[in-house]
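**Q** Take a look at this one; I'll ask things after.
Every number here is computed from the coordinates shown, using simple stated rules; none is lab data. All figures in this text were calculated on a predicted structure; none of them were measured in a lab. Note that we place each Cβ from the backbone using ideal geometry, even for glycine, and neighbour counts take in every protein chain shown.
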């Protein structure tokens with residue numbers, strides 16, 4: 001499965017559970033950590049867990065499992081590490097505190113509008 005296909009599945013899964021402010025950052029030229037960050041948030045710890053669960057479920061249907069999951073118990077900042085793609089699911093206030101988008105402001109902004117449902 002290509003990275004673009006994984007991004008599409010993850011973004012659609014997040015969108016289906018009403019994630020807010022879904023962003024995809026291309027970080028391949030900035031670090032060896034990963035090629036992409038997907039960042040989204042929910043309005044509660046419970047919603048953040050639900051968002052992470054949905055992404056993990058949809059990718060697992062395609063035979064892809066994360067190499068590591070961190071932060072699930074607290075639900076404030078859940079990281080799903082798929083090696084080349086790292087998905088950050090935040091509780092809204094935690095996302096506002098850490099502002100990963102600002103820390104990675106040099107990253108390429110990937111347009112995700114094609115994967116989002118119109119409301």
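**Q** Between residue 99 and residue 44, what's the calculated FRET efficiency when r is the beta-carbon distance and R0 is 22 Å? Round to 0.05.
**A** 0.65
**Q** Of the DSSP beta bridges with both residues in the chain, give the percent that are antiparallel, rounding to the nearest 5.
**A** 70 percent
**Q** Then there is this: Two decimals is fine: what's Rg over Rh for the stretch 7-72, C-alpha atoms, Kirkwood radius as Rh?
**A** Rg divided by Rh gives 0.96.
**Q** For a quick check: sort 102, 68, 18 by the number of other beta carbons within 10 angstrom, fewest at the front.
**A** The fewest-first ordering by Cβ neighbours comes to 102, 68, 18.
**Q** Given a cut-off of under 8 Å on Cα pairs at least six residues apart, what relative contact order in percent is computed for the chain?
**A** Contact order relative to length: 31 percent.
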